[in-house]
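Below: one structure, written as structure tokens.
The values are calculated or read from the model by the stated rules, or taken from the named source; none is laboratory data. Fair warning: this is a prediction, and the values are worked out from it, not measured in the lab. Backbone-built Cβ (ideal geometry, glycine too); neighbour counts: all protein chains shown.
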Amino acid sequence: MNRLRTIALLSMACSFGQVSANTLQTILTTGLVVSSFYQANGANYHKTLGGSHDDRFLAVTRSTDNFIFAAGGTKSEGNGGEDALMVKYSEAGTQQWQKRLGTSGVDTFFDVVPAASGAVVGVGRTRRLAVDPGQKNVLVAKLTSAGAFSWGTAFGGSLQDVGQGAAMDSNGNTYVVGKTSSFASRWNAFVAKVDSSGAYQWFYTLDGGANDFVYRAAVDSNDNLIVVGLTHSADPTVATLIFKVDTTTTPASPTIAWSKTFGLFSPGETYSDIGFDLALDSSDNIYIVGDTLEHGAGQDASVIELDSSGNFVDGRAFGQGSSVERGYGIVRDSSGNLYVAGYADKLASGKLEFMIAKLQSDLSMDWYRVDGGGTSIQEDDELRDIVLTSTGEVVVVGFMESLGQGRLDASIARYEADGTGSCHTSETPSDRAIDWITDTEDITMTWTSRAVTSGTFSAGTYFATATLTEATQC
């Protein structure tokens, strides 16, 4: 942002009481750029973290001792093209530590799950950790609550294997889901298991005959695995893929309990329905967030409810007319309300901004917010994941081009459960019931055990404290 423009915006913010004169002096002295779009409010906050290059948060979780862990990648410092990044915060937003893990290649955390004693396990991709049979391998690493390296495991085939999501069962086993090109001339979905000590257990692919991807997983009340993503295998349409893996009957040889797709199936027409994340309730009913492109209404964010057997129950799409919206993360509170995070093209101009929404238990819209900084259509801001604090506030993570140190800065923000606070404006989306899905469709896919190369690694020179710059935006 141009310095003169920054001064003008901040002076205007001061005149409206949004930024104090002392704060303005601090900002101008340090060179920190803050847009007047943001307004401070109580205990809520918005912070960025970054350096001179791209830095991203892609996942967030709350630990067993109620700290917030944000995971992603940094290109601003480290050993290679990108280092996996893990940052610990208090629920009030105070940074506890930041760590990076990487080689001379590209290493990224795409998801993080809580483990016992306040520890966390991050999953993603690596190029040269432990094994190097292919172009990319699956990365799994455990960090203690204090930020110490506990263990690391990597595995993969001859080409690309990327861990996209993770879930942990009651015994501390970590299930990793993602995509692989090592076993076919296309992408297959995969599910893999690592035990509580980091030892690799097994790797299975799910192949429907075309490109299949999975992004997130959750463990149900019986320690079985529910996985969500997308498939090109069911129809010319891109459809949401959902399947259940029985991991408990024969733990060494898991089986597919059911696999289904849903979306708009119209012969001769191409539409898109994608599931990016899911949440389960106490009865193992499934709530999927993603996006839908149907009937010329533009790309809308969507939330779909399925029963515990994967059958369609209800759905809601929401957006702002012909603009673009996508839901990346979803979380459910104890009252059955659903919170969604993603992005929206607020002005239908090509500029993406933070989107956060709350749906009631019947999927009716409670509130919807679009939040971003800057005005250039080249400055995209995206949310990628969401979690609730122990007292019910909403914490979202992602990345920003409009504010911060480099081209992309990692971003974390907290909102009240009623949508007030932090840094947002209120919008009114044109939400509607999804009535064009009458049911999910069963799909037959090949479930195959695969042999991969696996290995463990220690902290060595790969693991270090990161020193990215934190900036409080409100």
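Give the residues of region 79-120 that are more than 17 Å from the chain's Cα centre (by Cα) and of a type in the set (A, V, I, L, M, F, W, C), sorted by residue number. Residues satisfying the conditions are Ala92, Trp97, Leu101, Val106, Ala115, Ala116, Ala119.
Quick check: anything in region 99-107 among the hydroxyl-bearing types (Ser, Thr, Tyr) and modelled with pLDDT under 95? Spell out how you get there, then give the answer.
First pass over region 99-107, keeping only residues among the hydroxyl-bearing types (Ser, Thr, Tyr): 103-104.
Filter again for modelled with pLDDT under 95, leaving 103-104.
Yes, some residue in region 99-107 is among the hydroxyl-bearing types (Ser, Thr, Tyr) and modelled with pLDDT under 95.
Scanning region 25-74 for residues that are surrounded by fewer than 24 Cβ atoms within 10 Å (Cβ to Cβ), aromatic (Phe, Trp, Tyr) and either modelled with pLDDT of 50 or more or under 19 Å from the mean Cα position of the chain (by Cα) (or both) gives Tyr45, Phe67. When restricted to residues that are surrounded by fewer than 22 Cβ atoms within 10 Å (Cβ to Cβ) and either in a strand (DSSP E or B) or of a type in the set (A, V, I, L, M) (or both), region 301-314 contains 4. With respect to (1) closer than 23 Å to Ser282 by Cα; (2) modelled with pLDDT under 95; (3) under 22 Å from the mean Cα position of the chain (by Cα), the lone exception for Lys260 is condition (3). Evaluated against (1) at pLDDT 95 or above; (2) among the small types (Gly, Ala, Ser); (3) surrounded by 24 or more Cβ atoms within 10 Å (Cβ to Cβ), Gly156 falls short on exactly one condition, (1). Just one of the listed residues (Arg216, Arg186) is of a type in the set (D, E, K, R) and surrounded by 17 or more Cβ atoms within 10 Å (Cβ to Cβ), namely Arg216. Just one of (1) surrounded by fewer than 24 Cβ atoms within 10 Å (Cβ to Cβ); (2) modelled with pLDDT under 95; (3) under 17 Å from Leu58 (Cα atoms) fails for Leu388. It is (2).
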